[in-house]
Amino acid sequence: MCAMTRADHLTFLRRAIRRPDLLATPFVTGPRLARDIAQVIPQGSSSTVVELGAGTGAMSDPIRARLGPGSRHLAVELDPDLVAHLRRTRPWLELVRGDAREFTRLLDEAGIGTVDVVISSLPWALFPAVQRRALLRDIAARLAPDGAFSMITTWMALPSRVGDLRGALGEVFDEVVETATVWLNPPPARLFVCRRPLVRTDGAGTSNNLDE
Ligand SMILES: C[S@@+](CC[C@H](N)C(=O)[O-])C[C@H]1O[C@@H](n2cnc3c(N)ncnc32)[C@H](O)[C@@H]1O
């Protein structure tokens with residue numbers, strides 16, 4: 001696994017100063033949390049993984065380290081400077097510049113149907129609640145029945161927003177597990193790991209009868 005470089009950290013910091021609304025923190029995810037979030041991928045498996053909010057690659061590297069032959073790893077990033085940085089430093093990464101909230105269209109354009117794992121470090125708390133719920137539903141709808149969705153939430157997010165997020169996750173996943181806080185991560189953060197999606201687009205799965 002390649003370690004994060006000084007250029008990765010500085011590029012991220014520069015963009016965080018310019019676009020706090022996108023990056024939400026001046027710090028890249030620390031190695032411990034990045035490794036933990038990638039562990040949702042079975043080691044050496046042939047999996048299709050979608051990474052939302054790739055930044056300067058803090059999670060892209062540990063994700064890559066877990067993937068076996070025949071896997072696909074699609075990274076989505078909105079900020080053009082971060083996209084350029086990733087293209088330069090991680091040419092192996094399949095990367096699209098786009099808005100993760102257009103999840104279904106991005107996957108359709110990439111020719112991806114079902115996804116095994118979705119990993120996110122998006123600044124969820126900054127999205128309006130209605131967009132949060134729509135995106136979570138779209139993610140759950142594209143996950144394989146035995147797939148997983150793992151996301152970071154930091155202690156910078158307002159407790160009321162985290163509460164809302166917890167509720168929204170519970171609406172579209174049968175299992176939502178909250179991990180212990182990694183206090184040494186800048187900023188302290190924990191994961192929500194979600195399994196058994198309750199909504200499917202192909203009609204094969206269970207439905208929780210969410211209103212359209
Ligand atoms: C908190 S940073 C995490 C970056 C990196 N994954 C890490 O762990 O260090 C959030 C990332 O999500 C990106 N982002 C924010 N909103 C986005 C959106 N709607 N679609 C795609 N990427 C977005 C930001 O540009 C930023 O790179």
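Details
- Which listed residue, of Glu109, Glu102, is outside any loop (DSSP other than H, G, I, E, B) and over 15 Å from the mean Cα position of the chain (by Cα): Glu109
- Test: residue in the range 95-102 that is over 14 Å from Gly53 (Cα atoms) and either within 9 Å of the ligand (Cβ to nearest atom) or touching a strand residue (DSSP E or B) at 6+ places or on another chain (Cβ under 9 Å) (or both): no
- Subset tally (residues that are within 12 Å of Ser120 (Cα to Cα) and away from the ligand (no atom under 12 Å from the Cβ)) for the range 59-73: 0
- Total residues in the range 85-120, condition more than 22 Å from Asp61 (Cβ to Cβ) and open to solvent by 10 Å² or more (accessible area, probe 1.4 Å): 10
Okay, residues lined up against (1) open to solvent by 20 Å² or more (accessible area, probe 1.4 Å); (2) within 8 Å of the ligand (Cβ to nearest atom); (3) of a type in the set (A, V, I, L, M, F, W, C):
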{"site": "His9", "(1), (2), (3)": "yes, no, no"}
{"site": "Arg18", "(1), (2), (3)": "yes, no, no"}
{"site": "Thr25", "(1), (2), (3)": "yes, yes, no"}
{"site": "Val28", "(1), (2), (3)": "no, yes, yes"}
{"site": "Arg35", "(1), (2), (3)": "yes, no, no"}
{"site": "Ala38", "(1), (2), (3)": "no, no, yes"}
{"site": "Ser46", "(1), (2), (3)": "yes, no, no"}
{"site": "Glu51", "(1), (2), (3)": "no, yes, no"}
{"site": "Gly57", "(1), (2), (3)": "no, yes, no"}
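- Checking each residue in the range 91-139 for being within 18 Å of Met151 (Cα to Cα), hydrophobic (A, V, I, L, M, F, W, C) and at pLDDT 95 or above picks out Ala100, Phe103, Val115, Val117, Val118, Ile119, Leu122, Ala134, Leu135, Leu136, Ile139.
- Checked against (1) within 9 Å of the ligand (Cβ to nearest atom); (2) over 25 Å from Asp61 (Cβ atoms), Val130 meets all criteria but (1).
- Set Ser46, Ser60, Ser71: member being over 18 Å from the mean Cα position of the chain (by Cα) and within 22 Å of Cys194 (Cα to Cα): Ser46
- Residue in the range 69-78 that is open to solvent by less than 20 Å² (accessible area, probe 1.4 Å), in contact with a Cys (Cβ under 6 Å, 6 or more places away or on another chain) and closer than 15 Å to Ile119 by Cβ present: no
- Candidates Ala134, Ala125 - the one that is free of Cβ contacts under 8 Å to residues at least 60 places away in the same chain and either part of a strand (DSSP E or B) or out of contact with any Asp or Glu (no Cβ under 8 Å at 6 or more places or on another chain) (or both): Ala134
The values are calculated or read from the model by the stated rules, or taken from the named source; none is laboratory data. On a predicted model such as this, the values are computed, not experimentally measured, just so you know. Ideal geometry is used to build each Cβ from the backbone, glycine not excepted, and the neighbour counts take in all protein chains shown. Note: areas computed on protein heavy atoms with side chains; ligands, DNA, RNA excluded. Shrake-Rupley method; radii C 1.70, N 1.55, O 1.52, S 1.80 Å.
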